[in-house]
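*Asks:* This is the structure I want to talk about, given as structure tokens.
The values are calculated or read from the model by the stated rules, or taken from the named source; none is laboratory data. Note that the structure is a prediction, hence the values are computed from the model and not measured. Methodologically, a virtual Cβ is constructed for each residue, glycine included, from the backbone with ideal geometry; neighbour enumeration extends over all protein chains shown. The area values use the complete protein model at the heavy-atom level, side chains included, leaving out ligands, DNA and RNA. Shrake-Rupley method; radii C 1.70, N 1.55, O 1.52, S 1.80 Å.
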Amino acid sequence: MSLPVDADLELDCRGQACPLPIVHLGRRHAEVPPGGVLAVVADDVAARHDVPAWCRMRGQEYLGEDVAADGVPRYWVRRRA
Amino acid sequence: MLLAALERGYADPRRLHGPARTAGLLLENAREVCAEALGLRREEVTFTGSGTEAVHRGLLGLRRGRARVGGAVVHSAVEHSAVLHALEWVGGEHPQVGVDAHGRVSPDAVLAAVEESTAVVALQAANHEVGTRQPVAEVTTRLGERADPVPVFVDACAAAGRVPLPEGWAVAAASAHQWGGPAGVGLLLVRRGARWRAPFPVDDRSDPRAVGFEDVPAALAAAAALRAVVAEREQTARRQHALVDRIRAAAAAIPDVDVVGDPDDRLPHLVTFSCLYVQGEALVAELDRRGFGVASGSACTASTLEPSHVLAAMGALTHGNVRVSLTRETTAEQVEAFCAVLPEVVEGLRP
């Protein structure tokens, strides 16, 4: 799956322990418009599993994972209408 | 039972003096009792120092018996870490079979992963974290129909005593503390005709698969506990299944809680769920403060600081995870009390 080049909103969750990256994702995903894309940059190991699980539980679309410029994993989510 | 065994079964069963012969008879009796409870023959039962040791020796010994074919062990992604660590230790490529959202492998996927160089298929009887039972009987039947039948190793540590063992496997492992027996006793189960070869140095015990001076009193206590648990298994399972249904419903009624594992085809006593936005460690601590001892598969509660590989393989939420294991003594009142406090505990820990 090809990932978007730019996110409407990028959450910097570096250094945050589980479940804080997901808490931020839950709080702020509505800031992007429906159809918009949000990226979560997180080095917490649980985020790899919990971002897709959050998308499943909240009916959002998980797009995949790449890495930010500094090598930290970045997870992509599209807000459903 | 344990005290009587300590009085009479203290000697090394390998020796020839009177107390040793008594210990030897007690040990053979313990094997017989375990075999009968599990539907096996006495010679098929060997006592080990733990369930983990039984897994290591059982799996690696079955693999060694297939050395002429190859070394690959096809296994599910949700096997216990004892299986995964054993495979890591021997090295090489071992195909892993993914699971569905309930944590179950598909027999088609297992069969598709088997190649000419496959030595063994390793599949647990039931998952130790989420309780889901695996289709072991179908897998063993279909593997047995191949021109070159591939033997199956079954990790039955979570299932033995709770539910009847599946059919068709070559080697299995069980763990006495899981059915209320003492810690430090595992069972290595090798079916007659299975090509099992000791993977580690051997010893000169009367049971050729045993290593070291057996803990005879503990083996007897394990056997007595297994017999008692199996005798009332159906009533216990029915009662625990209903209590777990109650906990599953109470957890599912809380917003943003993911109840995982098969709702029906599962171990009777185990239930796992994950609470969105809650820290697993805080949840365990708060439930403990209120008198409920639970486990967790969340990374913050693990010695490895990695989330549970079982939850991850299932696509389940890994944070805010709680695993409740009922004992035979757990009452309906205790379960109701747990269900009553759960919503406020979860909501109280949400940011």
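*Asks:* Looking at segment B:254-281, which of its residues are surrounded by fewer than 20 Cβ atoms within 10 Å (Cβ to Cβ), within 12 Å of chain A (Cβ to nearest Cβ) and modelled with pLDDT of 95 or more?
*Replies:* B:P255, B:D256, B:V259
*Asks:* Report yes if B:A173 is surrounded by 23 or more Cβ atoms within 10 Å (Cβ to Cβ) and touching a Cys at 6+ places or on another chain (Cβ under 8 Å), otherwise no.
*Replies:* So B:A173 passes the test.
*Asks:* May I pose another question? Kindly indicate whether any position in segment A:4-17 is open to solvent by 10 Å² or more (accessible area, probe 1.4 Å) and facing another protein chain (nearest Cβ under 10 Å).
*Replies:* yes
*Asks:* Looking for whichever is small (G, A, S) and at positive phi here; the options are B:G103, B:G49. Which one fits?
*Replies:* Details: B:G49 fails: at positive phi.
Just one listed residue meets the conditions, B:G103.
*Asks:* Follow-up question, since we're still on this one. If you scan segment A:24-51, which residues turn out to be within 19 Å of B:C300 (Cα to Cα) and either open to solvent by 10 Å² or more (accessible area, probe 1.4 Å) or assigned to a loop (DSSP other than H, G, I, E, B) (or both)? First the steps, then the outcome.
*Replies:* Within segment A:24-51, the subset within 19 Å of B:C300 (Cα to Cα) is A:24, A:42-51.
Selection gives A:H24, A:A42, A:D43, A:D44, A:V45, A:A46, A:R48, A:H49.
*Asks:* When you check B:L165 against the structure, is it among the aliphatic types (A, V, I, L, M) and assigned to a helix (DSSP H, G or I), yes or no?
*Replies:* no
*Asks:* Additional query: Going by the conditions given, is B:E286 in contact with a helix residue (DSSP H, G or I) (Cβ under 8 Å, 6 or more places away or on another chain), within 11 Å of B:V322 (Cα to Cα), open to solvent by 20 Å² or more (accessible area, probe 1.4 Å) and of a type in the set (D, E, K, R)? Spell out how you get there, then give the answer.
*Replies:* Values: in contact with a helix residue (DSSP H, G or I) (Cβ under 8 Å, 6 or more places away or on another chain): yes; within 11 Å of B:V322 (Cα to Cα): no; open to solvent by 20 Å² or more (accessible area, probe 1.4 Å): yes; of a type in the set (D, E, K, R): yes.
For B:E286, the condition - in contact with a helix residue (DSSP H, G or I) (Cβ under 8 Å, 6 or more places away or on another chain), within 11 Å of B:V322 (Cα to Cα), open to solvent by 20 Å² or more (accessible area, probe 1.4 Å) and of a type in the set (D, E, K, R) - is not met.
*Asks:* Does segment B:326-348 contain any residue that is crowded, with 24+ Cβ neighbours inside 10 Å, in the same structural domain as B:A253 (by TED's automatic domain parsing) and of a type in the set (G, A, S)?
*Replies:* no
*Asks:* A further question on this structure: B:P351 passes all but one of (1) surrounded by fewer than 16 Cβ atoms within 10 Å (Cβ to Cβ); (2) modelled with pLDDT of 95 or more; (3) within 12 Å of another protein chain (Cβ to nearest Cβ); which number fails?
*Replies:* It is condition (2) that B:P351 fails.
*Asks:* Count, please, the residues in segment A:29-63 that happen to be at positive phi and more than 14 Å from chain B (Cβ to nearest Cβ).
*Replies:* Adding up the residues that qualify gives 1.
*Asks:* State whether the residues of segment B:279-287 include one that is among the acidic types (D, E) and without any contact (Cβ under 8 Å) to a residue 60 or more places away in the chain.
*Replies:* Yes, segment B:279-287 contains a residue that is among the acidic types (D, E) and without any contact (Cβ under 8 Å) to a residue 60 or more places away in the chain.
*Asks:* Any chance segment B:320-328 includes a residue that's charged (D, E, K, R) and in a loop (DSSP other than H, G, I, E, B)?
*Replies:* Within segment B:320-328, the first condition is being charged (D, E, K, R), and the residues that meet it are B:323, B:328.
When the remaining residues are screened for being in a loop (DSSP other than H, G, I, E, B), the result is B:328.
Scanning segment B:320-328, I find at least one residue that is charged (D, E, K, R) and in a loop (DSSP other than H, G, I, E, B), so the answer is yes.
*Asks:* What are the pairs, 6+ residues apart or on separate chains, where a residue within segment B:193-218 that is over 17 Å from B:L40 (Cα atoms) and assigned by TED's automatic domain parsing to the domain that holds B:A67 has its Cβ under 7 Å from a residue that is open to solvent by 20 Å² or more (accessible area, probe 1.4 Å) and in a helix (DSSP H, G or I)?
*Replies:* Sorted first by the residue in segment B:193-218, then by its partner, the pairs are B:R197/B:R64; B:P199/B:R64; B:V216/B:L26; B:P217/B:L2; B:P217/B:L6.
*Asks:* A further question on this structure: Of all residues in segment B:282-301, how many are more than 12 Å from chain A (Cβ to nearest Cβ) and within 19 Å of the chain's Cα centre (by Cα)?
*Replies:* Result for segment B:282-301: 2.
*Asks:* If you don't mind, there's one more thing I want to ask. Kindly establish whether B:R238 is open to solvent by 40 Å² or more (accessible area, probe 1.4 Å) and in contact (Cβ under 8 Å) with a residue 40 or more places away in the chain. Steps first, answer last, please.
*Replies:* Values: open to solvent by 40 Å² or more (accessible area, probe 1.4 Å): yes; in contact (Cβ under 8 Å) with a residue 40 or more places away in the chain: no.
Spelling it out, it is not the case that B:R238 is open to solvent by 40 Å² or more (accessible area, probe 1.4 Å) and in contact (Cβ under 8 Å) with a residue 40 or more places away in the chain.
*Asks:* All but one of (1) in contact (Cβ under 8 Å) with a residue 60 or more places away in the chain; (2) within 14 Å of another protein chain (Cβ to nearest Cβ); (3) out of contact with any Asp or Glu (no Cβ under 7 Å at 6 or more places or on another chain) hold for B:A332; state the number of the condition that does not hold.
*Replies:* Of the numbered conditions (1) in contact (Cβ under 8 Å) with a residue 60 or more places away in the chain; (2) within 14 Å of another protein chain (Cβ to nearest Cβ); (3) out of contact with any Asp or Glu (no Cβ under 7 Å at 6 or more places or on another chain), the odd one out for B:A332 is (2).
*Asks:* So is A:D43 in contact with a Lys or Arg (Cβ under 6 Å, 6 or more places away or on another chain) and within 21 Å of B:S308 (Cα to Cα) or not?
*Replies:* It is true that A:D43 is in contact with a Lys or Arg (Cβ under 6 Å, 6 or more places away or on another chain) and within 21 Å of B:S308 (Cα to Cα).
*Asks:* Exactly one condition in (1) modelled with pLDDT of 95 or more; (2) over 23 Å from B:D262 (Cα atoms); (3) buried (at least 16 other Cβ atoms within 10 Å of the Cβ) is not met by B:G315; state its number.
*Replies:* For B:G315, the exception is condition (2).
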